[in-house]
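These notes concern the structure reproduced below.
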Amino acid sequence: MAAKVDHAQFRLIIPSQTRYLNLVTGLAKRASVVAGLDDATAAKVSIAVDEAVTNVILHAYRGEGHHSVELELRFTPQALEVHIWHSGQGIREDQLVLPDPSEYIKHPRKGGLGLLLMSRFMDEVRFRADEDSGRNECCLIKKIS
Amino acid sequence: MADLSIAVRQAGEVAVVLPAGFINAHTVRDFETVLEGLVQGGQYRILINCRDLSYISSAGLGAIMGLIETVREHGGDILLSNLQDNVFAIFDTLGFTQLYKVFPDESQALASPEAGG
């Protein structure tokens, strides 16, 4: 007998290639609307998911395209959760340093803004390593008000 | 339809760049190539008309950030116009509307002092 789940969820596995970003962000945007978020918020969720998956492809997997990235969307009454799993280099939360926008503007340079966009556009951003599976997870949560 | 197409036209001393579609980590190299080509050719007054830009990630912001000091050192600037709400939200959330001049439409941008108007 199939296990009963207390919320709707589904998974998507993509190759670690940036050509699939548009597919993932489109899905995230539409999932946000299904979850009950307005269009402007849905656009922000899709950007946060773009940044998270881009980080996995370019940094965790160093741009190598033969790996996989697994996304799980969970719809709960309180929130839309996007869980992103990979087997590349993980991020430790205690080592995270978000750039200061005012410093960034004084000294413009490339890079470093993805994490900042994720943290500004989502209610929660968590990183963790699953020691049992050896995989790393980035979890993005947007609450439904 | 391709994820991104980019048209460039000249309006007086200003190069008007019109990206259409999505700028993300997959398409950003095309965007960078166009901007870098303009700057390397001595074009330091650039207007990015975002009328048909549906989406820009931090990769696209980085491409603009990477050139802003160079164009200003040469007396030019990078201006933005016609931003859709979600694109404006990205710039505004990060405080970049303090760094770039943002105009409601192209004609107002071209008439501004920064464009030599």
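The values are calculated or read from the model by the stated rules, or taken from the named source; none is laboratory data. Values in this document were obtained by computation on a predicted structure and should not be read as measured data. Please note: Cβ atoms are built from the backbone with ideal geometry, for glycine as well, and neighbour counts cover all protein chains shown.
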Self-check item: residue B:64 being buried (at least 18 other Cβ atoms within 10 Å of the Cβ) and modelled with pLDDT of 95 or more
Solution: no
Self-check item: Residue list for segment B:32-48, restricted to those being of a type outside the set (Val, Ile, Thr), touching a Gly at 6+ places or on another chain (Cβ under 9 Å) and either surrounded by fewer than 20 Cβ atoms within 10 Å (Cβ to Cβ) or within 11 Å of residue B:8 (Cα to Cα) (or both)
Solution: B:32, B:35, B:36, B:43
Practice problem: Evaluate the following for residue B:76: is it away from every other protein chain (no Cβ under 14 Å), touching a residue at least 12 places away in the same chain (Cβ under 8 Å) and over 16 Å from residue B:6 (Cα atoms)? | Solution: yes
Exercise. Go through the residues of segment B:86-101 one by one and say whether even a single one is farther than 25 Å from residue A:122 by Cβ, of a type in the set (S, T, N, Q) and loosely packed, with under 14 Cβ neighbours inside 10 Å.
Key: no
Quiz item: Of the residues A:8, A:28, A:35, A:79, which is of a type outside the set (Phe, Trp, Tyr) and either without any contact (Cβ under 8 Å) to a residue 24 or more places away in the chain or under 27 Å from residue B:4 (Cβ atoms) (or both)?
Solution: A:28
Exercise. Could you tell me whether segment B:15-25 includes any residue that is farther than 25 Å from residue A:47 by Cα and touching a strand residue (DSSP E or B) at 6+ places or on another chain (Cβ under 6 Å)?
Key: yes
Exercise. Report, by residue number, each residue of segment A:9-22 that is in contact with a strand residue (DSSP E or B) (Cβ under 7 Å, 6 or more places away or on another chain) and either within 8 Å of another protein chain (Cβ to nearest Cβ) or surrounded by fewer than 16 Cβ atoms within 10 Å (Cβ to Cβ) (or both).
Key: A:9, A:10, A:11, A:12, A:13, A:15, A:22
Exercise. Kindly check whether there is at least one residue in segment A:45-67 that is within 22 Å of residue A:123 (Cβ to Cβ), at the interface with chain B (Cβ under 10 Å from one of its Cβ atoms), over 10 Å from the mean Cα position of the chain (by Cα) and crowded, with 21+ Cβ neighbours inside 10 Å.
Key: no
Self-check item: Subset of segment B:10-32 [over 24 Å from residue A:25 (Cα atoms) and under 13 Å from the mean Cα position of the chain (by Cα)]
Solution: B:14, B:15, B:16, B:17
Quiz item: Residues of segment B:43-71 being more than 30 Å from residue A:40 (Cβ to Cβ), out of contact with any strand residue (DSSP E or B) (no Cβ under 7 Å at 6 or more places or on another chain) and in contact (Cβ under 8 Å) with a residue 12 or more places away in the chain, which ones?
Solution: B:44, B:70
Quiz item: In segment A:68-88, which residues are of a type in the set (Val, Ile, Thr) and within 15 Å of the chain's Cα centre (by Cα)?
Solution: A:69, A:82, A:84
